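Presented below is the structure to which this report refers.
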Amino acid sequence: MTSDTLAVCGIVGSLRRNSWNRKLLEAAEALAPIDTELRISKAFDDIPLFNEDLVGSEPAAVLRLREEVASADALMIATPEYNGGAPGVLKNALDWLSLPLGGAALEGKPVALMGTSPGRLGTARAQFELRNMFLFSRSPVMPGPELLLGHAHQHFDEHGKLTDSLAIERIALLFRNLRKYAQLNSTEAVPLR
């Protein structure tokens, strides 16, 4: 962190325009503390399928997403769960963001996970998969609080506004934890490699 403002890049793990997870991340954007700026990525929707033949001459959307993540102090992801796991589009974006080896935008970047789905378990299995994926980039994923909202429609009003008071409290705590990890990351003198 180079200033008092925590810059957070937000990624919605769904391409659906009116997804519950987009609403969840937009709620987090509105709830961000005064000293925190959450910007939801606009490049994510345009990321092509990962193809190693393109490494070194990446498409513009990949370069934009890398820049959004690299210029942020932390990452916040709102993910749905498809077939008991993380969405393919999100895994695809993380594959792009994991390069170049040793200098990736994800390298050591603190990450907060959240998610909601119509199912009973929320996004527990998707978030578990994502936690494992971030081991490769040594990105510290916030150990808590977990935000796994099942029965998504019960947590938002008819205008798409988050109404769940516990979820709102947990989002505030996620922001506090991201700030602590980002401060630690910026003052850490020991290289990650």
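Rounded to whole numbers, the Karplus 3J(HN,Hα) couplings from phi for the range 98-112 are 7, 10, x, 4, x, x, 6, 4, 7, 3, x, 6, x, 10, 10 Hz, using 6.51 cos²θ - 1.76 cosθ + 1.60 with θ = phi - 60°, and x at Gly and Pro.
This model, with +1 at the C-beta of Lys and Arg and -1 at the C-beta of Asp and Glu, gives the chain a dipole about its Cα centre of some 320 debye. Extension gain for Asn83 to Asp157 (0.36 nm times residue separation, less C-alpha to C-alpha distance): 24.0 nm.
For Lys109, the lysines whose Cα falls under 21 Å of its own Cα, not counting residues fewer than eight places away in the same chain, are Lys42, Lys91, Lys180. With K and R counted +1 and D and E -1, the other residues having a Cβ less than 10 Å from that of Pro110 yield a net charge of +2.
Averaging the Cα positions of each part gives two centres, and for the range 154-189 and the range 1-75 these lie 15 Å apart.
Among Arg17, Arg125, Arg138, the order of accessible area from largest down is Arg17, Arg125, Arg138, computed with a 1.4 Å probe on protein heavy atoms. Compared with the alpha-carbon gap, the fully stretched path from Leu184 to Leu54 is longer by 43.4 nm at 0.36 nm per residue. Relative to one another, the C-alpha centroids of the range 131-149 and the range 94-113 are positioned 13 Å apart.
Computed with a 1.4 Å probe over protein heavy atoms only, the accessible area of Met133 comes to about 60 Å². Solvent-accessible area of Tyr82, all protein chains in place: 110 Å² (probe radius 1.4 Å, heavy atoms, ligands and nucleic acids excluded).
Annotation: Glu29 carries an accessible surface of approximately 80 Å², with a 1.4 Å probe and no ligand, DNA or RNA atoms counted.
Each of Ile40, Ile34, Ile171 has its accessible area taken with a 1.4 Å probe; listed largest first, they run Ile34, Ile40, Ile171.
The length gained by stretching the chain between Leu63 and Leu135 to full extension, at 0.36 nm per residue less their Cα-Cα distance, is 23.7 nm.
Ligands, DNA and RNA are left out, and with a 1.4 angstrom probe the accessible area of the chain is 51 Å² per residue.
Largest mean-square fluctuation among Leu101, Leu135, Leu54, in a Gaussian network model of the chain whose springs join Cα atoms under 10 Å apart, belongs to Leu54.
The values are calculated or read from the model by the stated rules, or taken from the named source; none is laboratory data. Here the structure is a predicted model, which is why all the values come from computation and not from measurement. Note that each Cβ is placed from the backbone with ideal geometry, even for glycine, and that neighbours are counted across all protein chains shown. When the accessible area is computed, the model is the full protein with side chains, heavy atoms only, and any ligands, DNA or RNA have been set aside. Shrake-Rupley method; radii C 1.70, N 1.55, O 1.52, S 1.80 Å.
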